[in-house]
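A.B. asks: Below are the structure tokens for one structure; questions will follow.
The values are calculated or read from the model by the stated rules, or taken from the named source; none is laboratory data. The structure displayed is predicted, hence computed values, not measured ones. All Cβ positions, even for glycine, are placed from backbone atoms using ideal geometry, and neighbour counts span all protein chains on display. Surface accessibility is based on the protein's heavy atoms, side chains included, excluding ligands, DNA and RNA. Shrake-Rupley method; radii C 1.70, N 1.55, O 1.52, S 1.80 Å.
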Amino acid sequence: HWTLLSVSLLNCLLSTACSVGLALAIALTIHSRGTHLVAGCNSSALPADARAAIATNDCPFNTTRIYDTALALWFPSMLLAAAEAVLSGRCCLVALIFEGIGPCARSYGKQQV
């Protein structure tokens, strides 16, 4: 039970940190209109808006779809990390009930869990 408690608590904290980090990355990317995504490119041909960026030889990657692709990958990742944090929190609660710790331990029996 202690292993379940420690692993689920650690996973809950890490998943919450991932969700917050991805939310921050999404907010900063939308606020800057993706200019930080193409910051590694030192070309004056790149426009200020990353959605209109063109592929140049000065950039080590294709900049044509980086804004849309990044957001399309980050939104589902953030939702899945948040769901993982919730499920890990529930596992932590179950481990606490098994150990008889906390306010829920008295109202639930081990047989109900």
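A.B. asks: Can you work out which of the residues in the stretch 9-48 that are of a type in the set (Ser, Thr, Tyr) and at pLDDT below 90 is most open to solvent (accessible area, probe 1.4 Å)?
C.D. replies: That would be SER44.
A.B. asks: ARG51: open to solvent by 80 Å² or more (accessible area, probe 1.4 Å), modelled with pLDDT under 85 and assigned to a helix (DSSP H, G or I), yes or no? Give the derivation first.
C.D. replies: Working: open to solvent by 80 Å² or more (accessible area, probe 1.4 Å): yes; modelled with pLDDT under 85: yes; assigned to a helix (DSSP H, G or I): yes.
So ARG51 fits the description; yes.
A.B. asks: For the stretch 3-40, which residues satisfy the criterion of being without any contact (Cβ under 8 Å) to a residue 24 or more places away in the chain, hydroxyl-bearing (Ser, Thr, Tyr), within 30 Å of ARG65 (Cβ to Cβ) and part of a helix (DSSP H, G or I)?
C.D. replies: THR35, the sole residue that qualifies.
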